[in-house]
Amino acid sequence: MSVYLVRRIVATIPIALVTSVFVFAVMRILPGDPVLLIAGEAQSDISPAVLDRIRHEHGLDRPVYVQYVTWIRKIATGDLGRSVRNGQPVADILLPRLLPTAQIGVMAWLLALLIGIPAGVVAAVSPNSWKDWLGMIGALAGAAMPYFLLGGVLIYVVALQLRWLPASGYVSPFVDPLQSLRRSLMPAFTLALGLAAVTTRQSRSSLTEVLGQLYITTARAKGLRERRVILGHAFKNGMLPVVTILGIQLGNLFGGAVITETIFAVPGTGRLLVEAIFARDYAIVQAVVLLISLAVIVANLAVDVAYGYLDPRIRLGRGRRRP
Amino acid sequence: MTGPDAAARAWRRGLRQRLRRFARRRLVVVGAALVALEVLLAVLAPGLAPYPPNAQNFMRALQPPGTAHWLGTDDLGRDILSRLLFGSRISLQVGMVAVLLAVAVGLPLGLVVGYVGGRLDEVVMRIVDGLMSLPPLVLALTITAVLGSGIQNAMIAIAVVSIPTYARLMRGQVLSVRENDYIGAIVAAGAATPRILFRHVLPNSIQPIIVQGSLGVGFAIITESSLSFIGLGARPPTATWGSMVQVGFQYLEIAPWFVLAPAVMIFIAVLGFNVLGDGLRDALDPSLRR
C-alpha cells in the first residue's frame with residue numbers, strides 16, 4: 001500500500017508543476033502593467049523613477065523564471081502576495097471566502113450522492129422499466145440543466161412566491177446554524193443537480209455491469225434473496241467507479257460555484273474570482289485559480305488512494321484504474 | 001467480383017445497418033430533432049423574429065408574454081422572442097466553432113503523440129493532465145479575462161479548455177488501434193508514417209471523437225452562456241442567452257419570463273446535443289448496446 005501511495009504522490013508532482021507554471025504564465029500576460037495598478041491609477045503622471053522603484057520592490061524587474069521561483073517559494077511558506085488593489089495580504093482576503101464555498105460544496109456533494117446513488121441502483125435493478133426510463137430522462141435533464149434555470153426557478157418559486165427560504169446571502173454555520181442551512185440549501189441543490197445526474201448514470205452503468213458477472217449468478221443460484229444479492233454482493237463493487245466520478249467532479253463543483261455564488265449572492269471563492277477578474281487584481285486571481293487546481297489535484301490523489309484501498313487489484317498493479 | 005467493389009458494397013451494407021440501428025434508438029431521434037430545430041431557428045431567425053432584436057421601446061418595457069410579444073419584453077422594451085432567436089445564432093456559432101477549433105488542435109496532437117509515444121507522449125500528456133486539473137469554467141474564465149471579453153475570445157477560451165479532452169481521447173484510441181494486426185501489416189508493407197496515421201489509424205479512431213464533438217457543442221453552449229452571464233461574453237447590445245439571463249435576474253420578481261425564456265433555450269439546446277451525443281455513442285458502438 002505504501003509503495004502505491006508514494007507512486008501516486010510522485011505522479012502528482014509534474015501535474016502540479018505544469019498547473020503552477022500555467023497559472024503563473026497566464027497572469028504575466030494579463031493586459032495592463034501591474035506596476036501602474038500598484039502605483040495607483042494609470043492616468044496620473046508618476047515619474048519613471050518611482051515606477052522603477054515599485055517594479056524593483058515587487059521583483060518585477062527580474063527575469064521571469066526568477067520571478068516564478070520566488071513566487072513558488074513564497075507560496076510554499078503560505079505567502080500568497082498582496083492584493084494589487086488595496087495592498088491587503090491575499091491570504092487575508094481569501095480565507096473568509098473559503099467557508100461558504102466549502103460548506104455549499106460539501107452539501108451539494110452529499111445531496112448528489114443521496115439522489116444519484118439510489119436513482120442509479122433502482123434503474124440498474126429494473127432495466128427498461130418505467131423507473132429506469134424516469135431515472136435516465138432525469139439524468140439527461142439534470143446534466144443539461146444550466147445553473148441559472150434551476151437557480152432562477154428556485155428563487156422565484158421557493159423564495160419569492162412561497163417565501164419558504166431567503167433568496168440570497170450567506171450566514172456562517174458558526175454564527176447561526178439554522179439560518180446558515182436555510183440560506184445554503186438552494187445554492188447547494190442548484191449545484192448538486194448536475195453532479196447527481198452524473199452519479200445516477202455512473203451508478204446505473206457500473207451496477208448493470210456488475211450484475212452481469214458470474215459471481216452474481218452464483219449468488220442468485222445459491223438462493224439468496226435479490227435484496228441480498230444487490231446490496232450484499234453487487235453494491236460495493238458497483239460503486240467503485242462512482243468514487244472516481246465524485247473525485248473528478250470536484251473541479252466542476254468549483255466551476256459551478258462561480259455561477260451559483262453569483263446567482264445567490266454568496267460571498268465565496270467563486271464570487272471572489274469573478275470580482276478579482278473584473279478588478280484586474282491578478283494576485284487574487286492567481287491565488288484562487290492555484291488553490292482550486294491544487295484542491296482538484298489533491299482530490300484526484302485521494303480518489304486514487306481510496307480506489308487502491310478498496311480494490312487490491314489496483315494497488316498491486318494488476319489492473320488499470322481508467323481505460 | 002474484385003476486392004474494392006465487394007468492400008464498398010460491404011461498407012454500404014454496414015452503413016445501412018448502422019443507420020437503421022441509429023433510427024431505432026428513440027433518444028438519437030429526439031436529440032437529432034432538437035438539434036435540427038435549433039439550427040433551423042438560428043438560420044431562419046431574421047425571417048421568424050417578429051421584431052428587430054435590438055429595437056427598443058421604453059413604453060413597453062417588461063411586458064408579460066402576450067399576443068404582441070409572445071415571450072414578453074425585456075427591461076428596454078425589446079422583444080424577448082426575437083432576441084432569443086438571434087441569440088441562438090451566437091450560441092450555435094460559438095458551440096460549433098469552439099469544437100472545431102478544439103478538434104483541429106486536439107485530434108492531430110493526440111494522434112501523433114499516441115502513435116509516436118515515448119518522451120514526447122510523456123511530456124504532452126503531463127501538460128494535458130495539468131490543464132485538466134483546472135475546472136473548465138474556471139480556466140475559460142481566466143483565459144477570457146486575459147484576452148478580454150467578447151464572442152471571439154469566448155470561442156477561443158472554450159476551444160483551449162476543450163483541447164485536452166480531444167487530445168487524450170484520440171491518444172487513447174490510437175494506443176489501442178495501433179496494436180491491431182492490420183496496422184502492423186501496413187507498417188510492414190512500408191507505408192509512410194503520415195499515410196498510416198491519416199489513412200488507417202485516424203478512420204478507425206474517429207468514432208469517440210464524433211460523439212465527444214456532439215457533447216462538446218453542448219458544453220460550449222453552456223460555457224459561453226456562463227461567461228456571458230458573468231459579463232465576459234458578447235458585449236451589449238448583442239443578444240446572447242447568457243447576457244439576457246444576467247440582466248433578467250435583476251427583474252426576477254416582477255418579470256420571471258425574462259430569465260426563464262433564455263434559460264430554457266440554453267437547457268433545450270444543451271439537452272439536444274447531449275442526447276444526440278449519447279445516442280451516437282450507442283449507435284456507433286454496438287458493444288455498448290443493452
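Just so you know, all these numbers are worked out from the coordinates, no wet-lab data involved. No experiment lies behind these values; they were computed from the predicted model shown. Here Cβ is always computed from backbone atoms with ideal geometry, including for glycine, and neighbour counts include all displayed protein chains.
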Cβ-derived FRET efficiency at R0 35 Å, B:R119 paired with B:Y182, nearest 0.05: 0.80
Inter-site label distance for A:A11 and B:A8 at 7 Å from Cα along Cβ, in nm: 4.8
Can you give the mean number of other chain Cβ atoms that lie within 10 Å of the Cβ atoms in peptide B:246-254? 3
Length gain on complete extension for the stretch A:V64 to A:S47, per 0.36 nm per residue less the alpha carbon to alpha carbon distance? 3.7 nm
For chain A, with a Gaussian network of springs between Cα atoms less than 10 Å apart, report the residue from A:G212, A:G251, A:G120 with the top mean-square fluctuation. A:G212
Distance in nm between B:T193 and A:Q179 label points, each 7 Å along Cα→Cβ, equals 6.6
Obtain the nm distance between the two label points defined at B:R16 and B:Y251 by a simple spin-label model: each point lies 7 Å from its Cα along the Cα-to-C-beta direction. 5.7
Charge dipole of the protein assembly as shown about the Cα centre (unit charges at C-beta), most positive-ward option of A:V125, A:L165, A:Y307: A:V125
Dipole moment magnitude, nearest 20 debye, region A:160-289 about Cα centre, only Lys, Arg, Asp, Glu C-beta charged: 740
Of A:K236, A:K131, how do they rank once you tally other Cβ atoms within 10 Å and put the fewest first? A:K236, A:K131
Among B:141-154, B:50-63, how do they line up from the highest to the lowest mean number of other beta-carbon atoms within 10 Å? B:141-154, B:50-63
Which ³J(HN,Hα) values, rounded to whole Hz and listed in residue order, are derived for region B:178-192 from phi using the Karplus coefficients 6.51, -1.76 and 1.60 in 6.51 cos²θ - 1.76 cosθ + 1.60 with θ = phi - 60°, glycine and proline given as x? 4, 6, 5, 4, 5, 5, x, 5, 5, 4, 4, 6, x, 5, 5
Order these peptides, A:65-72, A:152-159, by their mean beta-carbon neighbour count within 10 angstrom, highest first. A:152-159, A:65-72
Tell me which residues come under 5 Å, amide H to amide H, from B:L71 once H is placed; ignore anything under 5 positions away on its chain. B:G66, B:I80, B:L81
Listed residues A:M107, A:I93, A:A283: farthest to the positive end of the dipole of chain A (Cβ charges): A:M107
Order of B:87-93, B:182-188 by packing, highest average Cβ count within 10 Å first? B:87-93, B:182-188
Computed FRET efficiency, Cβ-Cβ of B:R235 and A:K222, R0 56 Å: what is it to the nearest 0.05? 0.25
Give a residue-ordered list of calculated ³J(HN,Hα) values for region B:59-64 (Karplus: 6.51 cos²θ - 1.76 cosθ + 1.60, θ = phi - 60°; whole Hz; x for Gly, Pro). 5, 10, 6, 6, 6, x
With an 8 Å Cα cut-off and a minimum separation of 6 or more residues, compute the relative contact order for chain B in percent. 26
Rounded FRET efficiency, nearest 0.05, which uses the C-beta distance separating A:A141 from B:A36 and R0 of 22 Å: 0.65
Place a +1 charge on the Cβ of each Lys and Arg in chain B and a -1 charge on the Cβ of each Asp and Glu, then give the dipole magnitude about the Cα centre in debye, rounded to the nearest 20. 1140
Karplus-derived 3J(HN,Hα) from phi for region B:65-79 (6.51 cos²θ - 1.76 cosθ + 1.60, θ = phi - 60°), whole Hz, x at Gly and Pro, runs x, x, 6, 6, 10, 4, 10, x, 10, 9, 5, 9, x, 8, 6
Amide H neighbours of A:R82 at under 5 Å, excluding residues fewer than 5 places away on the same chain, with H built from the backbone geometry, are A:V90
Measure nothing but the geometry: give the 0 to 90° angle between the long axis through the Cα atoms of A:90-125 and the longest principal axis through the Cα atoms of chain A, rounded to 10°. 20
For the protein assembly as shown, size of Cβ-based charge dipole, Lys and Arg +1, Asp and Glu -1, in debye: 2580
Choice from B:S176, B:S243, B:S82 showing the highest fluctuation, given a GNM over chain B with Cα pairs closer than 10 Å: B:S176
Would you work out which of B:V28, B:A68, B:I90 lies farthest towards the positive end of the dipole of region B:18-139? Charges go on Cβ: Lys and Arg +1, Asp and Glu -1. B:V28
